[in-house]
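*Asks:* I'd like to ask some things about the structure below.
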Amino acid sequence: MELMEAIRSRHSVRQYTDKPIEAETIAALQDEIDACNRESGLHIQLVTDEPDAFSSFMAHYGKFRGVKNYIALIGKKSDGLDELCGYYGEHLVLRAQQLGLNTCWVALTYKKIHSAFQVNSDEKLAAVITLGYGENQGTTHKSKSAGAVSKSAGEAPDWFLSGVEAALLAPTAMNQQKFTLSYAGGKVSAKAGLGFFSKVDLGIVKYHFEIGSGMDHSIWN
């Protein structure tokens, strides 16, 4: 599965079957996590066969069921941590999709099980991503138009438009899509709007944009 195919087929899934994740799939995902940690300096951790984090009232309120596996997005406290976790977390979401797994970004509706992962004194848990085989493949949500989230000084190139299209398929908290992508002079600026989880969302959006546009980090202004 190519990354754009993974982007188009990925939908948030909150209910999971009892089917265990195979050892080779766990190993492939762990390899990807290790690579992300080396590149980013984050302390992302994979938690498997741990049902307690999503057994609380808040998890049931969030309509989560059968969650036993998740990725804990952890890193050193800094102003850029949330965006960094969004960027690399979505990298892992799409890798999981390629491996046949379903996922969902989670901000609050879970219980922190401190024995399940390590958070050092100078670190913060930014979010978690549930993992497993979904009872379904999720559903498509209504999206804003490209014009509502982007602007350009003059005529924008095709790669920018393709990047915006991919960004509109990014998961954002409560589907709020509070971001703006701006093109000028061959560079792109990405700005988070006001809203819950918006900085994590911005990291997710930037990763999608890079995939859709075919560009790398150097494109950002």
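*Asks:* Applying 1/(1 + (r/R0)^6) with R0 = 22 Å to the Cβ-Cβ distance of N136 and H60, what FRET efficiency is obtained, to the nearest 0.05?
*Replies:* 0.75
*Asks:* Calculate how large, on average over all directions, the projected area of the Cα convex hull of segment 44-97 is; give the answer in nm² to one decimal.
*Replies:* Convex hull of Cα atoms, orientation-averaged projection: 4.5 nm².
*Asks:* While we're on this one: Given R₀ = 35 Å, what would the calculated FRET efficiency be for A23 paired with S121, taking r from the Cβ atoms and rounding to 0.05?
*Replies:* 0.60
*Asks:* Among G185, G195, G147, which one shows the biggest mean-square fluctuation in a GNM of the chain, springs joining Cα atoms closer than 10 Å?
*Replies:* Largest GNM mean-square fluctuation: G185.
*Asks:* Roughly how big is the chain's charge dipole about its Cα centre, with Cβ charges of +1 (Lys, Arg) and -1 (Asp, Glu), in debye to the nearest 20?
*Replies:* 880 debye
*Asks:* Another one. Which order do you get for M4, M215, M174 if you rank them by accessible area with a 1.4 Å probe, largest at the top?
*Replies:* Numbers: M4 45, M215 70, M174 150 Å².
So, going from the largest accessible area down, we get M174, M215, M4.
*Asks:* Hey, what's segment 1-72 come to in accessible area per residue, 1.4 Å probe, Å²?
*Replies:* 55 Å²
*Asks:* A follow-up question, please. What Kirkwood radius, in Å to one decimal, follows from the Cα pairs of segment 81-191?
*Replies:* Kirkwood hydrodynamic radius for segment 81-191: 16.4 Å.
*Asks:* Please list, in chain and number order, the residues 5+ apart from C104 or on another chain whose amide H is under 5 Å from its amide H, with Hs placed from the backbone.
*Replies:* V13, T130
*Asks:* Based on the mean of other Cβ atoms within 10 Å per residue, sort peptides 45-57, 80-92 so the most packed one is first.
*Replies:* For the peptides 45-57, 80-92, the packing ranking is 80-92, 45-57.
*Asks:* While we're here: Find the Cα radius of gyration of segment 100-143, compare it with 2.2 N^0.38 Å by division, and give the number to two decimals.
*Replies:* Output field value: 1.50.
*Asks:* Output the antiparallel fraction of DSSP beta bridges having both residues in the chain, as a percent to the nearest 5.
*Replies:* Numbers: 23 of 29 bridges.
Beta bridges within the chain, antiparallel portion: roughly 80 percent.
*Asks:* Can you pull the Rg over Rh of segment 9-63, Cα-only, Kirkwood?
*Replies:* 1.03
*Asks:* GluC sites (Glu not before Pro), restricted to segment 111-199: which are DSSP loop and have at most 10 other Cβ atoms within 10 Å? Can you show the working numbers first?
*Replies:* Working: sites: E123, E135, E155, E165; in loops: E135, E155.
Answer by residue number: E155.
*Asks:* Taking 0.36 nm per residue of sequence separation and subtracting the Cα-Cα distance, how much length would be gained by fully extending the chain between S189 and E155, in nm to one decimal?
*Replies:* Result: 10.7 nm gained on full extension.
*Asks:* How much accessible area per residue does segment 120-173 have, counting only protein heavy atoms and a probe of 1.4 Å, in square angstrom?
*Replies:* Numbers: 2750 Å² over 54 residues.
Ligands and nucleic acids excluded, the figure is 51 Å² per residue.
*Asks:* Note down the magnitude of the dipole of segment 1-130 about its Cα centre, charges +1 on Lys and Arg C-beta and -1 on Asp and Glu C-beta and zero elsewhere, to the nearest 20 debye. Working shown, then result.
*Replies:* Numbers: 14 positive and 18 negative charges, 118 e Å.
With only Lys, Arg, Asp and Glu charged at Cβ, the dipole is about 560 debye.
*Asks:* Here's another thing I want to ask about it. log10 I(q)/I(0), Debye, Cα-only the chain, no solvent, q = 0.08, 0.16 Å⁻¹?
*Replies:* Each listed q corresponds, in turn, to -0.27, -1.10.
*Asks:* What translational diffusion coefficient, in µm²/s and rounded to a whole number, does the Stokes-Einstein relation yield for segment 118-169 at 10 °C and a viscosity of 1.306 mPa s, taking the hydrodynamic radius as the Kirkwood radius over Cα pairs?
*Replies:* D, rounded to a whole number, is 104 µm²/s.
*Asks:* Further, regarding this structure: Sorted from largest down, what three extents in whole angstroms do the Cα atoms of segment 129-213 have along their principal axes?
*Replies:* The principal-axis extents, from largest down, are 46, 26, 19 Å.
*Asks:* Probe radius 1.4 Å, ligands and nucleic acids ignored: give me the carbon and sulfur share of the accessible area of segment 123-200 as a rounded percent. All intermediate terms of the calculation are to be shown ahead of the outcome.
*Replies:* Details: 2160 of 3950 Å².
The C+S portion of the solvent-accessible surface of segment 123-200 is 55 percent.
*Asks:* Still on this structure, I have one more. Note the direction-averaged projected area, equal to a quarter of the hull surface, for the Cα convex hull of segment 1-124, in nm².
*Replies:* One quarter of the hull surface, i.e. the mean projection, equals 7.8 nm².
*Asks:* Turning to a different aspect of this structure: Which of the trypsin sites (Lys or Arg not before Pro) found in segment 140-221 are loop residues per DSSP with 11 or fewer other Cβ atoms within 10 Å of their Cβ?
*Replies:* Those satisfying the criteria are K142.
The values are calculated or read from the model by the stated rules, or taken from the named source; none is laboratory data. All of these numbers come straight from a predicted model, not from anything done at the bench. Don't worry about glycine lacking a Cβ; one is built from the backbone with ideal geometry, like all the others, and counts go over all protein chains shown. To get the accessible areas, we keep the full protein, side chains included, count just its heavy atoms, and leave off ligands, DNA and RNA. Shrake-Rupley method; radii C 1.70, N 1.55, O 1.52, S 1.80 Å.
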